[in-house]
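Read through the structure below, which is laid out as structure tokens, and then see the notes.
The values are calculated or read from the model by the stated rules, or taken from the named source; none is laboratory data. Note that the structure is a prediction, hence the values are computed from the model and not measured. Here Cβ is always computed from backbone atoms with ideal geometry, including for glycine, and neighbour counts include all displayed protein chains. Accessible surface is based on the protein model in full, side chains and every heavy atom, while ligands, DNA and RNA are left aside. Shrake-Rupley method; radii C 1.70, N 1.55, O 1.52, S 1.80 Å.
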Amino acid sequence: MGSCVVTDAARAVCGGGVMKFVRGFGKFLFEFFVGDTPELFVLGVAVLTIASALLHYLNARALVIALLPLMVFGGVLGSVLLERRRKSR
Amino acid sequence: MSALSTSGVIALFVTVFLASAVEMVEALTIVVAVGATKGWRSAFEGVAVALLALAALVAVFGPALSRIPMSSLRIVVGTVLLIFGMQWWRKAILRSIGLKAKHDEDAIYAEMVEELQQSPASTRDAAAFMMAFKGVFLEGVEVVVTVITLGSSAHRLGVAATAAGTAVVLVAIVGLIVARQLSNVPENAMKMVVGIMMVAYGTFWIGEGIGLRWPGKDLALLAFTLIYGFLTWVVVLSLTPRERSVAVAS
């Protein structure tokens, strides 16, 4: 980034370029992890939080073993049904 | 934490191989469209720069991941795989039950050729270069994420990289032979399998990461894959419209 400190004009171009890159990368990450299914992103985080809380605060190992895959499948099924309802409207 | 057993290594290889093959088919469609329409020079230049950018990504993130404590890495990787896998799984279900159009490589190819033909021909074409670069880079990022996340959390980065490399070479060879017949690849079925396996890994690593010991250890991975696969079959069967399921059955 040495060329960015030469002149004001160069700084403006480089600064704009960096901002554009950061914005573009942020948009790419958002599309990558959230995209058109924010419910799946929320579900992924929720699965981790709930499973972790149940294991560490209640020591409910058997419950987590049963609940973790159930939550995952239930979430995907819910998202499929949601899309089905959207399309049938 | 123990390394994966033989069945775990095979499952890892198959998952990375299928995921990489699917992404490579998509990238190859774009590169072939660019090459056939605008000449191979710009297409290959785009591919080469994209591969360099991907190698830089691996060089930066690969060693960085090895410094993260294993339990934290497995939580992060498990969550990423879970979210990513659920997206693939959901899309494959929606395509199977007819709520989403299947990924048609022929249609994508035709659309790209039409778009490229609108720009004037020259030996060095910026639009063709960018299209080839973006196609390979964006699909390649998904391969890199799959290799790094699955490989590093299983302590088998070499196996994951070999699986991805094999898929890349095989798809490239098949692509050269069949050229524009990439639509014959059963992409939705492959995406379904990869989605289910990624979610199985995600479930497994999240559990391991938070300190859970799965019954049967690595065999839990196989159990998740079978259970999710069976449940998917039930969902597809029960949500597919009746007239369509009769047509599929016949």
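So if I check each of B:Ala21, B:Ala56, which one is without any contact (Cβ under 8 Å) to a residue 12 or more places away in the chain and either open to solvent by less than 30 Å² (accessible area, probe 1.4 Å) or out of contact with any strand residue (DSSP E or B) (no Cβ under 7 Å at 6 or more places or on another chain) (or both)?
When all the criteria are applied, what remains is B:Ala56.
Table: residues versus (1) of a type outside the set (D, E, K, R); (2) at pLDDT 80 or above; (3) within 30 Å of B:Ile210 (Cα to Cα).
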{"residue": "B:Val49", "(1), (2), (3)": "yes, yes, no"}
{"residue": "B:Ser66", "(1), (2), (3)": "yes, no, yes"}
{"residue": "B:Val77", "(1), (2), (3)": "yes, yes, yes"}
{"residue": "B:Leu81", "(1), (2), (3)": "yes, yes, yes"}
{"residue": "B:Ala107", "(1), (2), (3)": "yes, no, no"}
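May I ask you to list the residues in the stretch B:196-222 that are at the interface with another protein chain (Cβ under 9 Å from one of its Cβ atoms) and part of a helix (DSSP H, G or I)?
B:Val199, B:Ala200, B:Gly202, B:Thr203, B:Ile206, B:Gly207, B:Gly209, B:Ala220
Can you tell me how many residues in the stretch B:8-54 are closer than 22 Å to B:Leu157 by Cβ and of a type outside the set (A, V, I, L, M, F, W, C)?
Within the stretch B:8-54, residues that are closer than 22 Å to B:Leu157 by Cβ and of a type outside the set (A, V, I, L, M, F, W, C) number 4.
What number of residues in the stretch B:60-103 are over 20 Å from B:Thr225 (Cβ atoms) and aliphatic (A, V, I, L, M)?
The total comes to 12.
Regarding B:Gly39, is this residue under 22 Å from the mean Cα position of the chain (by Cα) and open to solvent by less than 50 Å² (accessible area, probe 1.4 Å)?
Spelling it out, it is not the case that B:Gly39 is under 22 Å from the mean Cα position of the chain (by Cα) and open to solvent by less than 50 Å² (accessible area, probe 1.4 Å).
Looking only at the stretch A:25-82, count how many residues are touching a residue at least 40 places away in the same chain (Cβ under 8 Å) and not in a helix (DSSP H, G or I).
1
Taking the stretch A:31-89, which residues are open to solvent by 70 Å² or more (accessible area, probe 1.4 Å), within 7 Å of chain B (Cβ to nearest Cβ) and closer than 15 Å to B:Gly207 by Cα?
Once the filter is applied, which keeps residues that are open to solvent by 70 Å² or more (accessible area, probe 1.4 Å), within 7 Å of chain B (Cβ to nearest Cβ) and closer than 15 Å to B:Gly207 by Cα, the stretch A:31-89 yields only A:Arg61.
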